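Q: Before I ask anything, let me first share the structure, which is written out below as structure tokens.
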Amino acid sequence: MNISNTPLPGIMILEPRRFGDSRGFFSESWNRKTLREAGVELPEFVQDNHSMSSTVGTLRGLHFQSPPHAQGKLVRCGRGRLFDVAVDIRKGSPTYGKWVGEELSFENGRQLWIPAGFLHGFVTREP
């Protein structure tokens, strides 16, 4: 897995390897051991969601959960293409108010890890 940091500490781009052949591909989208070996310790997963936006330009967000219900998010795009954004709203953070965005698509296979304390939203760029 290729792991890249972004300008906002804690937010990472995860790019799982794809193993393909004539049938398609296999990809391990998340593996605790692989991440730990790369020095990344993510919290225990407690929820898995799936949304679908059929129209280009559909905006979802900005979402946030307040403590004690704060949660991180691992976001990916299963079909099409979207632009995903995280905004730092942690009071006292040196990057408070700053944001980072990343294009996620089925083709690029990228995932965005967004820790608790960030707003999150995305807009569809393909159906």
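Readers should treat all values here as calculations from the given coordinates under stated rules, not as data from a laboratory. A quick note: this is a predicted structure, and the numbers were derived from the prediction, not measured. Cβ coordinates were reconstructed from backbone atoms using ideal geometry, including for glycine residues, and neighbour counts include every protein chain displayed.
Q: Order the peptides 11-22, 111-122, 35-46 from the highest to the lowest mean number of other Cβ atoms within 10 Å of their residues.
A: 111-122, 11-22, 35-46
Q: For the pair SER93/ARG36, report the inter-label distance in nm, with labels modelled 7 Å from Cα in the Cβ direction.
A: Each label point is offset 7 Å from its Cα along the Cβ direction, giving 2.7 nm.
Q: After finding the eigenvalues of the alpha carbon gyration tensor for the chain, what semi-axes result from the square roots of 5 times each, listed largest first in whole Å?
A: 24, 19, 13
Q: Using a basic spin-label model with each label point 7 Å from the Cα along Cα→Cβ, how many nm lie between THR6 and PHE26?
A: The modelled label-to-label distance comes out at 3.1 nm.
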